[in-house]
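Input: a single structure, listed below in structure tokens.
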Amino acid sequence: MEQHKTTDLSKYNNSWYNPGGAIKRLVWYFINVLFFINPLNPSSAIKKILLKLFGAKIGKGVTIKPGVNIKYPWKLSIDDHSWIGENVWIDNLDQVTIGKNCCLSQGALLLCGNHNYKKETFDLMTGTITLEDGVWVGAKSMLTPGTVCKTHSVISVQSVASGELEAFSIYRGNPCMKIKSRIIQ
Amino acid sequence: MEQHKTTDLSKYNNSWYNPGGAIKRLVWYFINVLFFINPLNPSSAIKKILLKLFGAKIGKGVTIKPGVNIKYPWKLSIDDHSWIGENVWIDNLDQVTIGKNCCLSQGALLLCGNHNYKKETFDLMTGTITLEDGVWVGAKSMLTPGTVCKTHSVISVQSVASGELEAFSIYRGNPCMKIKSRIIQ
Amino acid sequence: MEQHKTTDLSKYNNSWYNPGGAIKRLVWYFINVLFFINPLNPSSAIKKILLKLFGAKIGKGVTIKPGVNIKYPWKLSIDDHSWIGENVWIDNLDQVTIGKNCCLSQGALLLCGNHNYKKETFDLMTGTITLEDGVWVGAKSMLTPGTVCKTHSVISVQSVASGELEAFSIYRGNPCMKIKSRIIQ
């Protein structure tokens, strides 16, 4: 029988990864639970103040719905008039940059973490996610580490994006494929 | 280079959309958070009383599991002996009508809202969702605005439905396709 | 027109299914809500003590992230150095066995319940789920009843697995298909 090397997660070591001070992360953890994940706070205004206090860049006219889950605000930038929908999950182990006039619909997931499945030690890998202006991420869709959504690209509901999505193009599926162009009249 | 029109969400205007009085919506918002989304209340009975108080039509023998999220009960009708599973999300910006003996499994999403991605103003569009009798919506599946599930159709897990699903037929995928007939012995 | 038999959920009867004493299940229900689903408790240690108290087998070096949802700990076994990620849902109506060095990423769902859609009575059916050592279940993926993930198999993000997944193989899609081999260097 063929011999395979195997993984050993007891050797997993992410000590090189330093996403911010331990106290800042701890305080943010509970703020995120109490004011973001917790839908008892429906106010966008309070959330934007808290995000800015923790280093996020937040533009004018940004809307943040209830139930949102944000890992590290200091790795987040949201430009003017963009919307973060209900139960959106920004798992930004790495920088997430959202342009103007973007819409992240309900339950979308921006995933910046990955693991090297070819290594015994299952090493952590992170990747940035960039949404240029006018991008729409459909409900329950997922963007994987390294995704770049060029201007006005659209990811349909419950689809999975990676790599670079062409501008003014509509994608669907897992992995998502371009299905048509987006023409704005 | 080709010139494209772009979106401007500062011009978004959904003032034509009137889903119910502001106070009613606000009160329901917190009831939904405290008694439906909040799994500390596992009782189906209390939830059915609250839904009826807010205008939902609820038949006999209906079961509503913990963690359910309902947008507007006055736009909801559930007929006899239908089940709303754990963490089901009925995002009914428009009317949702569920027949008798239907099952919505864990984490299913009924999505009634959409946007016109061809417009600079990204206009809100809503669509009703109708489940005839005996329909089964699989775990983590999604029905999009305008979906009509004809009697005893089945949507497999983590699939996406739109348009009209044939009676006594089983669908799977994103977008979901008919994979076989449903024969009840 | 063709005549079809229909379902009648008022005749649904799962009295044969006995997943544990009523009081034990009730107490666990609230512990699960307060200490597992509730992200105010980020500690892995407390969760592992509670799981063991309720009959789970938990190995050394197991990590359990916030937001996890576990149905019945007495039907759960997790071996050494395996990780249960944020918002993972182990809906173990039947036995779930997780080997060593496994990773269940964010939002994964292990689903042990099903219904017989060919029966008027929509009978409950359950199936065990087994993960051998070194398995990785990607973010928002789902394993259906009866799934066996052979050693070091990988299910990509937002995919759906059933049946048996080959060892050292990578799967993607709904239903997931093998896309390549996993070679660990």
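All of the numbers you see were taken from the coordinates with simple rules; none came from a lab. Note that the structure is a prediction, hence the values are computed from the model and not measured. Neighbour counts are summed over all protein chains in view; Cβ atoms, including those assigned to glycine, are modelled from backbone coordinates with ideal geometry.
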Applying the gyration tensor rule to the Cα atoms of segment B:20-181 (axes a ≥ b ≥ c; rounded if a/c under 1.5, else prolate if a/b exceeds b/c, else oblate), the class is oblate
Taking the label point 7 Å from Cα along the Cα-Cβ vector, the copy-to-copy distances for A:GLY55, listed from shortest in nm with one decimal, are 4.6, 4.6
Listed with the fewest Cβ neighbours within 10 Å leading, A:HIS152, C:HIS81 appear as C:HIS81, A:HIS152
Quick note on B:ILE184, C:ILE23, ordering by fewest other C-beta atoms within 10 Å, gives C:ILE23, B:ILE184
Semi-axes in Å, largest first, for the protein assembly as shown (Cα gyration tensor, √(5λ)) are 32, 32, 24
Copies of A:THR6 compared via label points 7 Å along Cα→Cβ give distances in nm, shortest first, of 5.4, 5.4
Checked segment B:36-83 against the a/c 1.5 cut and the a/b vs b/c comparison, axes a ≥ b ≥ c from its Cα gyration tensor; verdict oblate
Rounded to the nearest Å, the spacing of the alpha-carbon centers of segment C:99-149 and segment A:18-46 is 32 Å
The farthest towards the positive end of the charge dipole of segment A:69-165, of the residues A:PHE122, A:ILE78, A:GLN158, given +1 on Cβ of Lys and Arg and -1 on Cβ of Asp and Glu, is A:PHE122
Phi-derived 3J(HN,Hα) across segment C:36-44 with the Karplus relation (6.51, -1.76, 1.60, θ = phi - 60°), rounded Hz, x for Gly and Pro, is 10, 4, 5, x, 5, 9, x, 6, 6
per DSSP, antiparallel bridges as share of beta bridges in segment B:33-173, % nearest 5, sits at 10 percent
Neighbours of A:GLN158 by Cβ distance under 12 Å: Lys/Arg at +1, Asp/Glu at -1, summed charge +4
Expressed as a whole-number percentage, the relative contact order of chain C with C-alpha contacts under 8 angstrom and at least six residues apart is 14 percent
Toy charge model, Lys and Arg Cβ at +1, Asp and Glu Cβ at -1: segment A:31-185 dipole around Cα centroid in debye, rounded to 20, equals 240 debye
If labels are modelled 7 Å from Cα along the Cβ direction, C:LYS118 lies from its partners in the other copies at nm distances, smallest first, of 4.5, 4.5
Counted neighbours (other Cβ, 10 Å), sorted fewest up, put B:MET177, C:MET125 in the order B:MET177, C:MET125
